[in-house]
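S.K.: Mind looking over this structure? Questions follow.
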Amino acid sequence: MDFTYKAYEKMVTLLRKNGYVFSKYKDNRMPNLKTVIMRHDVDMDLNKALRMAVFENQLGITSTYYVLISSDFYNAFSKNSVNIMKQIMNLGHDIGLHFDEQKYEREDDLLKCLDSEIDLLEKYIGKKIDSVSMHRPSKDTLDADWVIRNGSVVNSYSKEFFQEFKYVSDSRCNWREDIYKIIESGEFNRLHILTHPIWYSEKPRSMNETLKMFVSDAGIERYETLQDNIKDLDSELTLRQAHLLPTAMSQICDKIFDSNRLEFTPISLEDVKEIYEYGKDSNTCRYLGWGPYKNETEAENFAKYKIAADDMQWTIKENSLNKVIGAIRLYDVDKIQRCVSISYILNKQYCGKGYMTESLKALFTVAEKLGFEYVYTYYVEDNIASEKVMRNASMVKDVDYSEKIYIKGKMYREYRYYMRLGEGR
């Protein structure tokens, strides 16, 4: 089984097809029922846990997410982490305690330590903890078959769930048994499936690739925390200066690439005259938050700012004319959902020739290479031409999205289209 959401969905479909009922730990007191318990140990990344929780909700199933409050990778009790756990619970899932016995000295009373951790987690999430899973449990702990709080809290590694159920795990990004075959075999009435959200994404990734991405994202998370605590952080330290833009993203910002008729080049001061040409037109800038330019100096200041900023923006040059006819950019990076947005502008003299549709498709390829899974574009209700570009690029309208926005003092209704990259294209 691949470590993709599509493969995970296939597993869920097979479970349903083969008559399994999705249950939680305290539901399992009927041994004759064909049942499956889905469990997730959140060792490293709460954001990926939320991504999986949303996906499972879309599939119509619930499971239990075990939070490691002693993790060195996330602070379970930060405002953001507590908010994530509450979002997971609001999706119908349970939060459980992931208990690491190795953080305590052997002479400690581990059951008392576990009890204290349960109290602490309950305090922060505002809800009773019904079950506990062990983080890398020792043989002694497994053999002890702990009864927690007189049985009111389930031990997911008790003999009932670890031996009487068929237990299958994807530990270290490796299914040691073929989970599909186990489901289809009909041999087991009760399944206990452990997965780790960190391993799953839209496209197949090796353990090495996933861990490299995790390390890269950690630096960006630290930078975002600084932004929340230091006003105007960009004036002191940009992502690029901190060497935190992922290598691929840093390279693509400075890269020239092309399509059939067009060349996409990083913004240059040599382009100022042509940037001013399309940016001075009031109709072209009608639905934008800036412009029109009053003079070339404004266009030059814009170019200087974009050259200095952490911005993935390129001019669009028509090859046969050797002329800049517009610009296009990637922005609003969401590392949790692996999505990014695209905005664009085109000289009105070159509208209706398919240039912007061609540009969008070229940026889809760039976004996919950078590891994004979804691309979004936005337009306001009166901007029919922009919506047409999105349709021509085979994008899909997001029927659930509609927002009120103000542009130059006027209120508009904003809509958006999306493209699923990779297998979705």
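S.K.: Among the residues that make up the stretch 137-156, is at least one of them outside any helix (DSSP H, G or I), out of contact with any Leu (no Cβ under 7 Å at 6 or more places or on another chain), closer than 20 Å to Ser23 by Cβ and of a type in the set (Gly, Ala, Ser)? Lay out the reasoning, then the answer.
M.R.: Going through the stretch 137-156, the residues outside any helix (DSSP H, G or I) turn out to be 137-138, 145-148, 152-156.
Filter once more, keeping what is out of contact with any Leu (no Cβ under 7 Å at 6 or more places or on another chain): 137-138, 145, 147, 152-156.
In the following step, the residues that additionally are closer than 20 Å to Ser23 by Cβ were identified as 152-156.
So of that shortlist, the ones also of a type in the set (Gly, Ala, Ser) come out as 152, 156.
Yes, some residue in the stretch 137-156 is outside any helix (DSSP H, G or I), out of contact with any Leu (no Cβ under 7 Å at 6 or more places or on another chain), closer than 20 Å to Ser23 by Cβ and of a type in the set (Gly, Ala, Ser).
S.K.: Among the residues of the stretch 136-162, write down those that are hydrophobic (A, V, I, L, M, F, W, C) and within 22 Å of Asp43 (Cα to Cα).
M.R.: We begin by selecting, within the stretch 136-162, every residue hydrophobic (A, V, I, L, M, F, W, C); these are 142, 144, 146-148, 153-154, 161-162.
Scanning the stretch 136-162 gives Leu142, Trp146, Ile148, Val153, Val154, Phe161, Phe162.
S.K.: Continuing with this model, one more query. Could you check the stretch 191-207 and list, in sequence order, the residues that are part of a helix (DSSP H, G or I) and touching an Asp or Glu at 6+ places or on another chain (Cβ under 8 Å)? Step through it out loud before you land on a result.
M.R.: The first filter runs over the stretch 191-207 and keeps only residues part of a helix (DSSP H, G or I), leaving 197-199, 207.
Listed by number, the residues that qualify are Pro197, Ile198, Trp199.
S.K.: A further question on this structure: Out of curiosity, is Ile307 modelled with pLDDT of 95 or more and under 31 Å from the mean Cα position of the chain (by Cα)? Let's see the steps before the verdict.
M.R.: Details: modelled with pLDDT of 95 or more: no; under 31 Å from the mean Cα position of the chain (by Cα): yes.
Against the criterion (modelled with pLDDT of 95 or more and under 31 Å from the mean Cα position of the chain (by Cα)), Ile307 does not qualify.
Conditions tested, residue by residue: (1) among the hydroxyl-bearing types (Ser, Thr, Tyr); (2) buried (at least 16 other Cβ atoms within 10 Å of the Cβ); (3) farther than 30 Å from Lys34 by Cβ.
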residue: Arg136; (1), (2), (3): no, no, yes
residue: Val147; (1), (2), (3): no, no, no
residue: Ser156; (1), (2), (3): yes, yes, no
residue: Gln227; (1), (2), (3): no, no, yes
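S.K.: Right, next: Condition (residue is surrounded by 14 or more Cβ atoms within 10 Å (Cβ to Cβ), out of contact with any helix residue (DSSP H, G or I) (no Cβ under 7 Å at 6 or more places or on another chain) and assigned by TED's automatic domain parsing to the domain that holds Tyr25) applied to the stretch 176-188: is it met by at least one residue?
M.R.: Yes, the conditions are met somewhere in the stretch 176-188.
S.K.: So Glu202 fits all but one of (1) over 30 Å from Asp334 (Cα atoms); (2) surrounded by 14 or more Cβ atoms within 10 Å (Cβ to Cβ); what number is the exception?
M.R.: (1)
S.K.: Only one of (1) part of a helix (DSSP H, G or I); (2) among the charged types (D, E, K, R); (3) surrounded by fewer than 17 Cβ atoms within 10 Å (Cβ to Cβ) is not met by Glu160, so which one is it?
M.R.: (3)
S.K.: Now a separate question. Might you check whether a residue that is farther than 16 Å from Lys273 by Cβ and modelled with pLDDT of 85 or more occurs anywhere in the stretch 317-327? Before the answer, list the steps.
M.R.: Filtering the stretch 317-327 down to residues farther than 16 Å from Lys273 by Cβ leaves 319-320.
Of the ones still in play, those that are also modelled with pLDDT of 85 or more are 319-320.
Yes - at least one qualifying residue is present in the stretch 317-327.
S.K.: Leu120 is checked against (1) outside any strand (DSSP E or B); (2) touching a residue at least 60 places away in the same chain (Cβ under 8 Å) and fails just one. What number does that condition carry?
M.R.: Every listed condition holds for Leu120 apart from (2).
S.K.: In addition: Give the residues of the stretch 390-414 that are in contact (Cβ under 8 Å) with a residue 40 or more places away in the chain and surrounded by 13 or more Cβ atoms within 10 Å (Cβ to Cβ), sorted by residue number.
M.R.: If we filter the stretch 390-414 for residues that are in contact (Cβ under 8 Å) with a residue 40 or more places away in the chain, which is where we start, we get 407-408, 412.
Hits for the stretch 390-414 are Ile407, Tyr412.
S.K.: I'd like the full set of residues that are touching a Leu at 6+ places or on another chain (Cβ under 7 Å) and in contact (Cβ under 8 Å) with a residue 60 or more places away in the chain, limited to the stretch 123-136. Spell out how you get there, then give the answer.
M.R.: Let us first name the residues in the stretch 123-136 that are touching a Leu at 6+ places or on another chain (Cβ under 7 Å), namely 129, 132, 135.
Selection gives Val132, His135.
S.K.: Evaluate the following for Tyr379: is it in contact with a Ser or Thr (Cβ under 7 Å, 6 or more places away or on another chain) and at pLDDT 95 or above?
M.R.: Values: in contact with a Ser or Thr (Cβ under 7 Å, 6 or more places away or on another chain): yes; at pLDDT 95 or above: yes.
When the stated conditions are applied, Tyr379 passes them.
S.K.: Would you please name the residue that is surrounded by the most Cβ atoms within 10 Å (Cβ to Cβ), looking only at residues in the stretch 262-276 that are in contact (Cβ under 8 Å) with a residue 40 or more places away in the chain and either among the β-branched types (Val, Ile, Thr) or out of contact with any Lys or Arg (no Cβ under 9 Å at 6 or more places or on another chain) (or both)? Break it down into steps so the answer makes sense when it comes.
M.R.: Filtering the stretch 262-276 down to residues in contact (Cβ under 8 Å) with a residue 40 or more places away in the chain leaves 262-268, 271, 274-275.
Subsequent filtering for residues that are either among the β-branched types (Val, Ile, Thr) or out of contact with any Lys or Arg (no Cβ under 9 Å at 6 or more places or on another chain) (or both) retains 265, 267-268, 275.
Working: Thr265: 19, Ile267: 22, Ser268: 13, Ile275: 26.
Looking at the filtered set, the residue picked out is Ile275.
S.K.: Looking at Thr210, Thr297, Thr265, Thr238 in this structure, which one is at pLDDT 80 or above and in contact with an Asp or Glu (Cβ under 9 Å, 6 or more places away or on another chain)?
M.R.: Numbers: Thr210 fails: in contact with an Asp or Glu (Cβ under 9 Å, 6 or more places away or on another chain); Thr297 fails: in contact with an Asp or Glu (Cβ under 9 Å, 6 or more places away or on another chain); Thr238 fails: at pLDDT 80 or above.
Answer to the selection: Thr265.
S.K.: Does the stretch 83-110 hold any residues that are in a helix (DSSP H, G or I), buried (at least 17 other Cβ atoms within 10 Å of the Cβ) and within 19 Å of the chain's Cα centre (by Cα), and which are they?
M.R.: Passing the criteria: Ile84, Met85, Ile88.
S.K.: Which pairs turn up if I take residues in the stretch 334-355 that are over 30 Å from Ala218 (Cα atoms) and look for partners that are buried (at least 19 other Cβ atoms within 10 Å of the Cβ) and hydroxyl-bearing (Ser, Thr, Tyr) with beta carbon separation below 6 Å, at least 6 apart in sequence or on another chain?
M.R.: Asn347/Tyr278; Lys348/Thr284
S.K.: Here's something else I'd like to know. Report yes if some residue within the stretch 332-349 is in contact with a Leu (Cβ under 6 Å, 6 or more places away or on another chain) and either outside the structural domain of Phe214 (by TED's automatic domain parsing) or of a type outside the set (Val, Ile, Thr) (or both); otherwise report no.
M.R.: Step one: filter the stretch 332-349 for residues in contact with a Leu (Cβ under 6 Å, 6 or more places away or on another chain), giving 340, 342.
Narrowing the set further to residues that are either outside the structural domain of Phe214 (by TED's automatic domain parsing) or of a type outside the set (Val, Ile, Thr) (or both) leaves 340, 342.
Yes: one or more hits.
The values are calculated or read from the model by the stated rules, or taken from the named source; none is laboratory data. Please read all numbers here as calculations on a predicted model, not as lab measurements. Neighbour counts run over all protein chains shown; Cβ positions are idealised from the backbone, glycine included.
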